[in-house]
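S.K.: Just dropping this structure here.
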Amino acid sequence: MTSHLARQKHAEERLGAALQQMNDAIRDVHKSGIDVDISTLTMHTPRGPMVQVDLKAFRACGAPPVLRLVEE
């Protein structure tokens with residue numbers, strides 16, 4: 001059985017690798033003439049707020065897409 005600390009360490013390593021991959025991808029699309037709009041989303045879970053990242057890409061020669069809020 002995996003200990004709680006081992007699971008946390010593994011999750012932190014995965015997050016670090018994912019962040020590096022995301023930054024590499026953003027750098028690549030930027031070099032190709034595409035800009036990226038990054039925003040955060042907060043989801044509410046039983047453990048409390050959980051922040052996630054949302055990415056939108058658009059051509060650098062145009063304005064960013066209109067972002068709209070969806071109300072439930």
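S.K.: Got at least one residue in the stretch 3-11 being small (Gly, Ala, Ser), over 17 Å from the mean Cα position of the chain (by Cα) and farther than 30 Å from Arg59 by Cα?
M.R.: yes
S.K.: Please count how many residues of the stretch 28-72 are loosely packed, with under 11 Cβ neighbours inside 10 Å, modelled with pLDDT of 80 or more and basic (Lys, Arg).
M.R.: 2
S.K.: Does Gly16 qualify as being at pLDDT 95 or above and small (Gly, Ala, Ser)?
M.R.: So Gly16 passes the test.
The values are calculated or read from the model by the stated rules, or taken from the named source; none is laboratory data. Bear in mind the structure is a predicted one, so any value in this text is a computation, not a measurement. Because the Cβ atoms are built from the backbone with ideal geometry, glycine has one as well, and the counts that use them run over all protein chains shown.
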